[in-house]
1. So, in the stretch 230-286, exactly how many residues are touching a Leu at 6+ places or on another chain (Cβ under 9 Å), within 30 Å of residue 47 (Cα to Cα) and of a type outside the set (Asp, Glu)?
2. Inspect all residues belonging to the stretch 207-228 and state whether any of them is more than 14 Å from the chain's Cα centre (by Cα) and over 20 Å from residue 102 (Cα atoms).
3. Enumerate the helices (runs of 4 or more DSSP H) found wholly within the stretch 108-212, keeping only those where 2 or more residues are at pLDDT 95 or above and exposed (fewer than 15 other Cβ atoms within 10 Å of the Cβ).
4. Have a look at 170, 190 and point out the one that is touching a residue at least 40 places away in the same chain (Cβ under 8 Å) and either hydroxyl-bearing (Ser, Thr, Tyr) or touching a Pro at 6+ places or on another chain (Cβ under 9 Å) (or both).
5. Restricting to the stretch 237-286, name every residue that is of a type in the set (D, E, K, R) and either part of a helix (DSSP H, G or I) or within 15 Å of residue 21 (Cβ to Cβ) (or both).
6. For residue 77, which of the numbered conditions (1) more than 24 Å from residue 237 (Cβ to Cβ); (2) of a type outside the set (A, V, I, L, M); (3) without any contact (Cβ under 8 Å) to a residue 40 or more places away in the chain fails to hold?
7. Of all residues in the stretch 23-36, which are modelled with pLDDT of 95 or more and either at positive phi or under 21 Å from the mean Cα position of the chain (by Cα) (or both)?
8. Select from the stretch 58-70 the residues that are of a type in the set (A, V, I, L, M, F, W, C) and crowded, with 21+ Cβ neighbours inside 10 Å and list them in ascending order.
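The values are calculated or read from the model by the stated rules, or taken from the named source; none is laboratory data. Owing to the predicted nature of the structure, the values given are computational and were not obtained by experimental measurement. Here Cβ is always computed from backbone atoms with ideal geometry, including for glycine, and neighbour counts include all displayed protein chains.
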Amino acid sequence: MKPTRGITKMKMFDLKRVVLGLSKPEINSLVNPIEMYRGKTLYVEKLKKLEKLQDIAHRSGVIASCALGNVFISESQEKDLFERKKIPVSFQEHMVKGYAEASKLIDKVYKYQPFDRSFISTLHYYMYKDYNPEFGGKFKDTQNYIQEILSDGTYRTLFVPAAPEEVIALLDNLIYQFNECVADEQCNKLVLICCFLLDFMCIHPYNHGNGRLSRLIFHFLLKKYGYEVDDYFSLSYLIRQKIGGYIDAFGTSCDGWSENENDYTQYVTFLLKIILEGYHKLEYIN
């Protein structure tokens with residue numbers, strides 16, 4: 001796939017049309033079992049080892065999501081941060097600690113926190129606040145690119161996101177349409193969340209950290225609308241295991257995005273499969 005060119009005219013969102021258009025057999029075959037599994041998380045809350053289970057999911061999710069963003073720490077550093085509660089020193093340690101704090105913030109506020117641009121920027125700020133607070137929460141001021149690192153160490157550009165001057169208008173409109181659709185019973189919330197994440201990644205509103213931030217938003221939105229599987233089995237961990245499939249799905253679904261001609265199907269299908277696999281994993285917990 002050739003890299004998508006930058007936006008030549010303002011991208012137009014029509015989330016409701018997109019979500020309703022994805023009501024087709026291959027999508028419904030994933031949505032329906034997820035809805036069936038959704039109620040089964042109630043028994044997990046009764047487990048004696050619940051707190052340990054949540055700690056494992058949180059920790060593995062933080063490490064996996066950061067690794068997906070090319071932020072790596074050693075096992076010793078991981079123990080220093082999560083077990084010995086040491087103060088982070090390196091850039092990588094700060095990024096892991098900041099992501100963990102942003103995730104914990106979500107767990108505290110998700111029930112009453114409105115989904116808006118301010119909260120998204122707050123999550124980004126949390127990722128950087130102890131390392132570079134002036135950077136956190138600030139929208140990009142230069143053009144960025146979504147790239148894949150190849151085996152030889154070179155980069156392949158997958159997509160050219162929105163220009164810096166377009167970010168606020170695009171993001172505000174996307175969030176507005178999301179909140180309108182989430183209140184519309186015709187729109188399936190799972191499909192809507194997945195579509196939002198693709199659009200968010202295509203906007204790529206910050207200079208750095210967009211991928212990690214998208215996974216925090218994923219956690220927040222699933223939790224807010226009653227899909228709490230990520231609390232018990234990390235979806236970021238599953239995405240990391242299938243990173244090749246994620247890259248392929250994203251590359252296919254963002255093709256033609258700037259011209260409003262992209263097909264969300266493959267990306268939405270990939271994320272729904274990840275959610276469903278997370279619920280399947282809970283079946284083995286007793």
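1. Of the stretch 230-286, the ones touching a Leu at 6+ places or on another chain (Cβ under 9 Å) are 230-233, 235-236, 239-240, 243, 246-247, 249-251, 253-254, 257, 262, 264-265, 267-269, 271-278, 281, 285-286.
Okay, now just the ones that are also within 30 Å of residue 47 (Cα to Cα), so 230-233, 235-236, 239-240, 271-278, 281, 285-286.
So of that shortlist, the ones also of a type outside the set (Asp, Glu) come out as 232-233, 235-236, 239-240, 271-276, 278, 281, 285-286.
The total comes to 16.
2. For the stretch 207-228, residues more than 14 Å from the chain's Cα centre (by Cα) and over 20 Å from residue 102 (Cα atoms): absent.
3. The helices (runs of 4 or more DSSP H) meeting that bar are 167-182.
4. Working: 190 fails: either hydroxyl-bearing (Ser, Thr, Tyr) or touching a Pro at 6+ places or on another chain (Cβ under 9 Å) (or both).
That would be 170, the only listed residue that is touching a residue at least 40 places away in the same chain (Cβ under 8 Å) and either hydroxyl-bearing (Ser, Thr, Tyr) or touching a Pro at 6+ places or on another chain (Cβ under 9 Å) (or both).
5. 240, 248, 259, 261, 263, 273, 277, 281
6. In the conditions (1) more than 24 Å from residue 237 (Cβ to Cβ); (2) of a type outside the set (A, V, I, L, M); (3) without any contact (Cβ under 8 Å) to a residue 40 or more places away in the chain, residue 77 misses (1) alone.
7. Passing the criteria: 27, 30, 31, 34.
8. Answer for the stretch 58-70, where residues must be of a type in the set (A, V, I, L, M, F, W, C) and crowded, with 21+ Cβ neighbours inside 10 Å: 62, 63, 66.
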